[in-house]
Amino acid sequence: MDYDIFNGDADGIFSLHQYRLQSPSPKARLITGVKRDIWLLARLENVTDSALTVFDISLDSNRASLLKILRNNNRVVYFDHHFTGEGIDARALQAHLDPSPQTCTSLLVNAALGGSQSLWAICGACGDNLLEPALALAQTLRLSGKQIDRLRELGELFNYNGYGESLDDLHFHPQKLYEAVQPYVNPFEFYESSQQLATLRTGYQTDLAQAMNQKEIKTTGNNRVYCLPNESWARRVAGVLSNFLARERRSAAHVVITENQDKTLRVSVRAPLVEQRHADTLCKLYPTGGGRAAAAGINSLPAEMLDGFLDTFQSFYSR
C-alpha cells in the first residue's frame, strides 16, 4: 500500500500535486486534515511493508510515530520546512528538510524534481505568504503579471480553505480540494474551469471583510494584536488576516487570536517580514505550539495564559 500524507493547506496540497504529477501513484491512500492537524503520522503507526510520502508536517512533532513506522519495515519520503529537531538516521527514510524562513515545502519539492512543476510550486509559496521567493521563481519562467496574479490567488485561496478548528469549519475537505486539482497539469486551466474557486473566492472576501471590522487590541510599540470571536468565519480567516496584516506593516510582528469551542484560544503569530525570526521559538514555549521562524501558532492556549503570552510576544519583538 502507498500512503500520501499532507498538510491540508496550499503548501501541502501543491507539494503533493507536484510530486504525483512526476511520480503517479493512483492507488495511494490520502491522509490529511485541517491546517493545524499536523500529527497525521499517528494514524499510520501500525502500517507495515508500505511506502509513505509526507508533505508539510513537522518531523519533530511526528517523531515518535515516524520511528514506529520505520521499525515496521516501511519506506518514507519526507518533505518539510517546519522545525525539524534532531535528525533521524535511517536507511528507509529519505528526508528533504529545510527550516529556512525563505522556503516552503512546495519549493523543496520543486527543487527535488528539478523544476519540472514550477508553476504549482509558485502557488504553494504564495499560499505560505512567501511572495518574494515565488516572484523570483516566476521571473525565471517569464510569467506575465496576470499569470502571477492567478497563481497567487490559487495559493491564497487554497491556504484560506485549510484554516479551521475542525473540518466542519472549512468550505471543502482538503482531500476533496486535492482531488479537484489532481487531473490538471496546468494551473491556469484549473483556474479557468474550477467550480471550487468561486466558492473560495466569495468566502475569502466575506470573511476578510468581517475580520477587518474587528478592533485592534491596544499594545505598546509597533506590533499589532487582534482577537476574533468564536465563529466559523473567524476560524477560517485567522491565517489570511495574519498574512494580510504582515504585508500591510512589514516591520511589525502580529498576533491573531481566535476563541475555540472549549474557550481556549487559537493563536496565529507572524514575525515581521523585514526580519523573519522567532515565531516558532515563541510558540513552542507552549504545549500545543509549533510552526516555523516566520509564521507559527498555538492550537489551544488557556485563556488565563493570554496576558503572559502577550508579554512574552512583546519581549520577542520589542524593537
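Can you compute the charge dipole magnitude of the range 52-122 about its Cα centre, using +1 on each Lys and Arg Cβ and -1 on each Asp and Glu Cβ, nothing else charged? Give it in debye, rounded to the nearest 20.
Numbers: 5 positive and 6 negative charges, 68 e Å.
Dipole magnitude for the range 52-122 comes out near 320 debye.
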Next item on the list: Determine the per residue accessible area of the chain with all protein chains present and a 1.4 angstrom probe, expressed in square angstrom.
Entry: 43 Å²
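Place a +1 charge on the Cβ of each Lys and Arg in the range 197-308 and a -1 charge on the Cβ of each Asp and Glu, then give the dipole magnitude about the Cα centre in debye, rounded to the nearest 20. Could you put the intermediate results ahead of the total?
Working: 15 positive and 10 negative charges, 72 e Å.
Value, rounded to 20: 340 debye.
Ignoring ligands, DNA and RNA, please state the percent of accessible area on the range 51-137 from carbon and sulfur, probe 1.4 Å. Before the final figure, lay out each step's value.
Numbers: 1680 of 3320 Å².
Reported share for carbon and sulfur atoms: 51 percent.
How about the range 160-205: which GluC sites (Glu not before Pro) there lie in a loop by DSSP and see at most 15 other Cβ atoms within 10 Å? Walk me through the numbers before you get to the answer.
Numbers: sites: E165, E179, E189, E192; in loops: E165.
Listed in order of number, the matching sites amount to none.
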Margin query: In 10 Å bins starting at zero, report the fraction of Cα pairs in the range 207-302 per bin as a rounded %.
Written below: 18, 51, 30, 1
Item checked: Accessible-area order (highest first, 1.4 angstrom probe) of the listed residues R29, R235, R152 -> R29, R152, R235
Notebook entry, point to check: Any idea how far the Cα center of the range 202-217 sits from the one of the range 1-73, in Å?
Noted result: 33 Å
Item checked: Label assignment, Cα extents along the principal axes in Å derived from the structure, set [x] 53, 45, 35; [y] 71, 57, 43; [z] 70, 37, 33 -> [x]
Next item on the list: Take H173, H17 and sort them by solvent-accessible surface of the protein heavy atoms, 1.4 Å probe, largest at the top.
Entry: H173, H17
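The values are calculated or read from the model by the stated rules, or taken from the named source; none is laboratory data. Note that the coordinates shown come from a computational prediction; the quantities given were computed from them, not determined experimentally. Reconstructed Cβ throughout: ideal geometry from the backbone, glycine too, with neighbour counts over all protein chains shown. For accessibility, only protein heavy atoms count, side chains too; no ligands or nucleic acids. Shrake-Rupley method; radii C 1.70, N 1.55, O 1.52, S 1.80 Å.
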